[in-house]
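See below for the structure under consideration.
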Amino acid sequence: MARVVIRPPTADDEDAFLESMRASRSVHRPWLYMPETPDAYKTYIARVDDPRAAPFLACRIQDGAIVGFLNISEIVRGNYRGGFLGYGGVAGFGGQGYMTEAMQLVLREAFTRLNLHRLEANIQPGNARSIALAKRCGFELEGFSPRYLKIGGRWRDHERWAIRKESWRTT
């Protein structure tokens, strides 16, 4: 039985989103830095209308609580048909399977409605929870990129995890 839905963020989500991200700061850092101000949130939701992006909030069905976010970015069409996936859970909802459910829903969106062939998740080696989620959902380790992305003002190493449409599991 489904416990989570995914949907694009809206202006109406601003207060709940910002509160969730501020409360999750210690869980997210140093792995990622999400919007924590109204101006940063406005920039974030502007991506909803960008054809190169597909941001989603994961919300608990029973009460609508935001339990996580999953953002497909830098979508490239043509012969590549792929994008990059970033994600994070909200503090207080970890270890309950919500992000696994949400990831499966996002993969279905990516490989059906968006008609992508490949998604790549670049994860810092010490981020065990994100790596475990990627593995659980069928991502495969493809490589290592030293000093790959600048996060929190520092260039950080990343493992490259990817999933292709033909290896995607719908269950």
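The values are calculated or read from the model by the stated rules, or taken from the named source; none is laboratory data. Computed from a prediction, not measured in an experiment: that's the story for all the values here. As a convention, Cβ positions derive from the backbone with ideal geometry for all residues, glycine included, and neighbour counts pool all protein chains shown. All accessible areas refer to the heavy atoms of the entire protein, side chains included, with ligands and DNA or RNA removed. Shrake-Rupley method; radii C 1.70, N 1.55, O 1.52, S 1.80 Å.
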TODO: Using Cα pairs closer than 8 Å and at least 6 residues apart in sequence, work out the relative contact order for the range 1-106, in percent.
DONE: 30
TODO: Report the chymotrypsin sites (Phe, Trp or Tyr not before Pro) located in the range 1-69 that are in a DSSP loop and have at most 14 other Cβ atoms inside 10 Å of their Cβ, or state none.
DONE: 33
Open item on the list: What does the charge count around residue 98 come to, taking other residues whose C-beta lies under 9 Å from its C-beta (Lys +1, Arg +1, Asp -1, Glu -1)?
Closed with: +1
TODO: Could you name the lysines whose alpha carbon sits less than 26 Å from that of residue 150, not counting residues in the same chain fewer than 8 places away?
DONE: 42, 135
Open item on the list: Nearest 500 deg cm²/dmol is fine: what mean residue ellipticity at 222 nm does the chain get from its DSSP H runs of n ≥ 4 alone, each adding -39,500 (n - 2.57), divided by its residue count?
Closed with: -7000 deg cm²/dmol
Task: Accessible area in square angstrom per residue, the range 108-171, 1.4 angstrom probe - done: 56
Open item on the list: Counting only other residues whose beta carbon sits under 12 Å from that of residue 119, what net charge do I get with K and R as +1, D and E as -1?
Closed with: +1
- [ ] Using a Gaussian network model of the chain whose springs link C-alpha atoms within less than 10 Å, name the residue from 134, 102, 11 with the highest mean-square fluctuation.
- [x] 11
Open item on the list: Report the Cα-based extents of the chain along its three principal axes, largest first, to the nearest Å.
Closed with: 38, 38, 32
Task: Cα lying deepest toward the dipole's positive end in the chain, options 168, 100, 56, charges on Cβ - done: 168
- [ ] Whenever you get a sec, compute what percent of the accessible area on the chain sits on carbon and sulfur atoms (1.4 Å probe).
- [x] 52
